[in-house]
Amino acid sequence: MSSITVCARFRPLTSKEKLNGDADSVCIRCIDSETFVFKDDKDEELTFSFDRVFYEESKQDDVYQFLALPIVRDSVNAINGTIITYGQTGAGKTYSMEGPGILECDEQKKGLLPRVVKGLFDSLSPSDEELTFSIKLSMVEIYMEKIRDLFDLSKDNIQIKESKSRGIILHGVTEITVLDPAEALQSLSRGIANRAVGETQMNLASSRSHCVYIFTIQQEFLREKRMRSGKLILVDLAGSEKVEKTGAEGRVLEEAKTINKSLSALGNVINSLTCGLQGKTSHIPYRDSKLTRMLQDALVSFFITIICQIIPIIQQISVPHKVFLTKGGTARTALLCCCSPSASNVSESLSTLRFGARAKHIKSSPRVHCIEEKSNTGSTASSPPGDEFSLRIM
Ligand code: ADP
Ligand code: MG
């Protein structure tokens, strides 16, 4: 089973590109829904294949159905997932993620986020009254290696912690419990507006920070006194263009270096996983940037099951319980490599496509690994056999 889905998306030419005459120098030629030919700046033709290629006529729903829906369904089954948009500024990352507007927009143009929200609630609606669920939402921005809470701008340096029972957590981050899709969209829209406020205050451009949307889905099986939790993370990355080459100075140069560092860290994590598969290395450098540290769970999933021993789950906070943290190799990640089709952006598009091509080599074959955590009664969970996380290159 594939753990990472890599897709490329070419947006339509903008009116400015059309005015510049870029329509005559489009750098891609479609072969089929997985393969295209890319003409580089030396007029050499390179063939790329991805899990799916979305061309300019592709619909937002096509992207959602192929790239996001399987991850949404898995997150409801407590398998963590991450959806990342990568590419230079102006390539269509935010359009793919949010659409033209999160609240009011043409149904067809809605981006991944509103579709994911609807998909989550649709998949969760319990038919069994012994099952209840809650969705919590957090929204943060990573700028210059500092994590800012987009639901509470006063929290401008959130720390990342690792918990045995919950995996990677953002210490003190605001978590809003959303009860229906409308409420979730209202909260997301508030976070997006706060991002703009913060940027105006600090005189930043949104393309220079990574925006991270975190959904925590918790389900309680009342009859079995069991609870499980899945995390779904969406990331609209900072622009991948190489600003230092343009002679940037001062803060712009510092920003560019920090962005490049975190994007290379993301590439290195992916690369290390690939090398690890070939027996070359076992160290995965998640700690090299805030971004990769936050996304650590994206590549290794945790199934959390809390079994209450005495009284119902609602009152379980201080009662004896066992926490089983199960590590599975099947956390799902999807990478959408967004590109301009214009020849004037050929070198940035090529760099985006190469990043995607490198990521595509990761495949995982699931094996369940059980990590145990001592319950406060002193008893422990036992590990099932076959306790390895294995990856292979396809
Ligand atoms: P990024 O977030 O990568 O900087 P944007 O998503 O803001 O780029 O897109 C840049 C411009 O291109 C915006 O005006 C956006 O509306 C338009 N655009 C991007 N992708 C598409 C698409 N698939 N269809 C139509 N317009 C698009
Ligand atoms: Mg953007």
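Rule-based calculations on the coordinates, nothing more; no lab input. Values in this document were obtained by computation on a predicted structure and should not be read as measured data. Positions of Cβ are backbone-derived with ideal geometry, glycine not excepted, and every protein chain shown enters the neighbour counts.
Summary table
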| quantity | calculated |
| --- | --- |
| Dipole of the stretch 92-171 [Lys/Arg +1, Asp/Glu -1 at C-beta], most positive-end residue of Ile142, Leu120, Cys105 | Ile142 |
| Separation of the Thr132 and Thr35 label points, Cα + 7 Å toward Cβ, nm | 5.4 nm |
| The stretch 84-238 shape via C-alpha gyration tensor axes, a/c threshold 1.5 | oblate |
| Tail fraction, Cα-Cα pairs, the stretch 177-250, threshold 18 Å, whole percent | 60 percent |
| Distance (nanometres) between label positions extended 7 Å along Cα→Cβ at Tyr55 and Ser154 | 5.4 nm |
| Estimated FRET transfer efficiency (Lys242, Ser123; beta-carbon r; R0 51 Å; 0.05) | 0.80 |
| Over the stretch 165-269, relative contact order from alpha-carbon pairs under 8 Å, at least 6 apart, % | 18 percent |
| Rounded if a/c under 1.5, otherwise prolate or oblate - the stretch 151-218, Cα gyration tensor axes | oblate |
| Whether the stretch 104-171 is rounded, prolate or oblate, judged on the alpha carbon gyration tensor where a/c under 1.5 counts as rounded | oblate |
| Peptides 139-148, 229-238 ordered by average Cβ neighbours within 10 Å, highest first | 229-238, 139-148 |
| The stretch 1-99, relative contact order [Cα under 8 Å, separation at least 6], % | 24 percent |
| Protection-proxy order for peptides 215-223, 179-187, 74-82, each taking the mean of Cβ atoms within 10 Å per residue, highest first | 74-82, 215-223, 179-187 |
